[in-house]
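Student: First, the structure itself, so that you have it in front of you.
The values are calculated or read from the model by the stated rules, or taken from the named source; none is laboratory data. Note that the structure is a prediction, hence the values are computed from the model and not measured. Glycine gets a Cβ as well: all are built from the backbone with ideal geometry, and neighbour counts include every protein chain shown. The accessibility values were calculated without ligands, DNA or RNA, using every heavy atom of the protein model including side chains. Shrake-Rupley method; radii C 1.70, N 1.55, O 1.52, S 1.80 Å.
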Amino acid sequence: MNELSSRDLIQLSAYLDGELRPAEAKRLEQRLAEEDALQRALEDLRQTRALLRQMPQRHPPRNFTLKPRLRGLRPPFPRTALALSWASLAILLVFFIALGSRLFGDLSIASSSPMAVARPMEIGGGTEEPMMSIQSMEGTLTPTPEIAYFPPAETASPAPEMRAMSLEESSPVSESRLPSWWFGAPIVSLLLLGIAFGLRRAQLRAFQRRFMSRD
Amino acid sequence: MDELSLIRAAQQGDLEAFNRLVLAYQGMLFNVALRILGDEDLAADVTQEAFLSAFRGLHAYRGGSFKAWLLRTITNACYDELRRNKRRPTISLEPETEEGEENENAPWLADTTSIPQQEIEQRELEHAIQHCLESLPMEFRTVVVLADIQGLDYREVALALRLPLGTVKSRLARARLRLRDCLQGFWELLPTAFRLER
């Protein structure tokens, strides 16, 4: 019977249950009259079905009727689970906002600042250097490579405060960067959500045990 | 009161009407759960859970076969239970445990001195069939339980499981083939009339 094609097997099984269309049934009957293997396979299926059909129906061990006090009663959402769910949502929200602002920050730098395009390593890896440059500007007014990059017309004449401002505007990368640990936020969020879900589920089970009849 | 009136009343919050539906269907739902899960206590808990879930979700019932709707509820509850207890230990039908020791919990080792021989054989056969059912993938098991053990026709099975008719046909045929192969391992337990060709 294992050599039967999938189509033959399905057709024989459906034929046994009277679920074949008349034309299909007629074609199959013609083949059954000629092919012993098909005939044997049909008999095997018939016997298997007969065995299954004689499985006894068991009496339920109790009635599953619901108690009247169940009507309209729903367990309140556990406070802890609620708090965890909100915390989880808040973490995710903040994470995506921060991620979005960083991405858009990067994009705007890439499109508007030639420095960012020329020195991608600083955007990706250097976290402290731009800030240090600004600090050093404020303190000693020592020129840095960034300052040297600006056209002379802009860097030569303005007051020191103005120069610091232009530096801050030209290097937003340092401010929009996320600390590496922050990328664990979605995992923490999912963890909290999982705990909240577990608490709710445990509470529902306890609720069912309490309000369901056992007669 | 007919079934539709009971359903309408239950949808309005009439628990007594719902309980009359429970009494009408509890045997079928319990047996479906029993054959899918293979454990009486678990089947009872899942059946209770399914009725509670059905009562709560009755507003979502929009007509059609109520039996199919309830069967969908119980099969979903069984799926959930199986997923939860995927690693739940089960009693093996093999004569030895995994450690090679004799399995003292095997059904055929129970004290059967006071039970007539015919009943013993019937029980052993039932255990063998249940064992083979549990060896089937869940999607095959559900179809064969509904069609061959509960006697539903293909359309009812398709409706209950939200499957196309062709899928029901195909799964049932494959399930029967696998069961046939599995039952060959219990040749001695099969009644003479049902002994499958080796």
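Student: Residues of the range A:1-10 being in a loop (DSSP other than H, G, I, E, B) and facing another protein chain (nearest Cβ under 9 Å), which ones?
Tutor: Hits for the range A:1-10 are A:M1, A:N2, A:L4.
Student: From the list B:A43, B:A54, pick out the single residue that is over 13 Å from B:V145 (Cβ atoms) and either part of a helix (DSSP H, G or I) or not hydrophobic (A, V, I, L, M, F, W, C) (or both).
Tutor: B:A54
Student: List every residue pair whose Cβ atoms lie under 7 Å apart, where the two residues are 6 or more positions apart in sequence or sit on different chains, the first residue falls within the range A:32-49 and is free of Cβ contacts under 8 Å to residues at least 60 places away in the same chain, and the second residue, located anywhere, is surrounded by 13 or more Cβ atoms within 10 Å (Cβ to Cβ) and among the polar types (S, T, N, Q).
Tutor: These pairs meet every condition: A:L32/A:Q39; A:L45/A:S13.
Residue-wise test of (1) at pLDDT 90 or above; (2) part of a helix (DSSP H, G or I); (3) in the same structural domain as A:L191 (by TED's automatic domain parsing).
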site: A:G18; (1), (2), (3): yes, no, no
site: A:E24; (1), (2), (3): yes, yes, no
site: A:Q30; (1), (2), (3): yes, yes, no
site: A:A33; (1), (2), (3): yes, yes, no
site: A:G72; (1), (2), (3): no, no, no
site: A:S88; (1), (2), (3): no, yes, yes
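Student: Of all residues in the range B:114-163, which are among the polar types (S, T, N, Q), part of a helix (DSSP H, G or I) and open to solvent by 30 Å² or more (accessible area, probe 1.4 Å)?
Tutor: If the condition is that a residue be among the polar types (S, T, N, Q), part of a helix (DSSP H, G or I) and open to solvent by 30 Å² or more (accessible area, probe 1.4 Å), then B:Q117, B:Q118, B:Q122 are the ones that fit.
Student: Checking B:S5 against (1) polar (S, T, N, Q); (2) more than 10 Å from every other protein chain (Cβ to nearest Cβ); (3) within 25 Å of B:Y154 (Cβ to Cβ), which test does it fail?
Tutor: (3)
Student: Kindly evaluate B:R176 against the criterion of being farther than 17 Å from A:Q54 by Cα, within 11 Å of chain A (Cβ to nearest Cβ) and modelled with pLDDT of 95 or more.
Tutor: Spelling it out, it is not the case that B:R176 is farther than 17 Å from A:Q54 by Cα, within 11 Å of chain A (Cβ to nearest Cβ) and modelled with pLDDT of 95 or more.
Student: Now, a different point. Of the numbered conditions (1) within 16 Å of B:R178 (Cα to Cα); (2) in a loop (DSSP other than H, G, I, E, B); (3) of a type in the set (G, A, S), A:S13 satisfies every one except a single condition; which is it?
Tutor: (2)
Student: Sticking with this structure for a sec: Going by the structure shown, is B:L15 hydrophobic (A, V, I, L, M, F, W, C) and free of Cβ contacts under 8 Å to residues at least 24 places away in the same chain?
Tutor: So B:L15 does not fit the description; no.
Student: Kindly list the number of the only condition in (1) at pLDDT 95 or above; (2) within 9 Å of chain A (Cβ to nearest Cβ); (3) farther than 26 Å from B:C132 by Cβ that fails for B:L15.
Tutor: So B:L15 meets the others, but not (1).
Student: Does the range B:88-108 contain at least one residue that is of a type in the set (S, T, Y), at pLDDT below 95, surrounded by fewer than 14 Cβ atoms within 10 Å (Cβ to Cβ) and within 23 Å of B:E49 (Cα to Cα)?
Tutor: yes
Student: I'd like to know if the range B:13-25 contains one or more residues that are more than 18 Å from the chain's Cα centre (by Cα) and hydroxyl-bearing (S, T, Y).
Tutor: Looking through the range B:13-25, none of the residues is more than 18 Å from the chain's Cα centre (by Cα) and hydroxyl-bearing (S, T, Y).
To keep it simple, each residue is scored yes or no on (1) closer than 16 Å to B:L6 by Cα; (2) surrounded by 20 or more Cβ atoms within 10 Å (Cβ to Cβ); (3) within 14 Å of chain A (Cβ to nearest Cβ).
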{"site": "B:T47", "(1), (2), (3)": "no, yes, yes"}
{"site": "B:Y61", "(1), (2), (3)": "yes, no, no"}
{"site": "B:L71", "(1), (2), (3)": "no, yes, no"}
{"site": "B:A77", "(1), (2), (3)": "no, yes, yes"}
{"site": "B:D80", "(1), (2), (3)": "no, no, yes"}
